[in-house]
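The values are calculated or read from the model by the stated rules, or taken from the named source; none is laboratory data. Just so you know, these numbers come straight off a predicted model, no measurement behind them. When we count neighbours, we look across all protein chains shown, and the Cβ atoms used for this are built from the backbone with ideal geometry, even at glycine. With ligands, DNA and RNA removed, areas are computed over all heavy atoms of the protein, side chains included. Shrake-Rupley method; radii C 1.70, N 1.55, O 1.52, S 1.80 Å.
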Amino acid sequence: MFRKFLLFMPLCLSTLYANAAEGDRVGYIGYLHEDINQSGVFEVGFRAPYTDFTEFNVAAMWFAHDQNLYEGLNAGFHLTTGTWPLKAYMGAGFFTGEHKQCDKYYNYAQNNYDYRDCDSDLSIGVYPEVGVELSFLNLRLASYARYYRTADSGKNEYRMYGAYIGLSF
């Protein structure tokens, strides 16, 4: 399933590149965390300005929560202050991908948990996002927060905060 996302990624990136206004595009690596349920999101993506006060992002993401794993793509649109070196932004986005739910078994021989009998299905969701980005030469550091809502049954809300580091090109 993940190979399909890798094939889809150049299409998304070419759209960002073609529509980007004069300005720096940023490749970034980010991590979001939720303390309550020990959930985490790791993403690798690109951000590009569309106008002076708007930008788009697209990323491959991996989201883990207990026995659940999401692999997919997210894309978002942000309104920004457009200021340098400190820029605030807020926006919204959506994600889609494969959702795997696995049974958790304790392995006494290795003293850890094993995940077996995984079921997979397509998952979609939305999120609002706020953040602050600090620019220094080509380096971008940001702190951001998202509130994920998924279409899955069971736990489908995640309040997460995190950071990313990026390089502009």
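Just a few scattered comments:
- With both labels modelled 7 Å from their Cα along Cα-to-Cβ, the Ala163 to Asp114 distance reads 3.8 nm.
- Taking all Cα-Cα distances within region 19-106, those exceeding 23 Å account for 33%.
- Ratio Rg/Rh, restricted to region 107-169 and using Cα atoms, in which Rh is the Kirkwood radius: 1.18
- Long-range tail of P(r) for region 22-168 (Cα pairs > 28 Å, %): 25 percent
- Computed with a 1.4 Å probe on the full set of protein chains, the accessible area for Glu157 sits at about 60 Å².
- Whether region 84-131 is rounded, prolate or oblate, judged on the alpha carbon gyration tensor where a/c under 1.5 counts as rounded: oblate
- Region 61-161 - percent of accessible surface contributed by carbon and sulfur, probe 1.4 Å: 59 percent
- Whole-Å semi-axes of region 57-116's equivalent ellipsoid (Cα gyration tensor): 38, 14, 7
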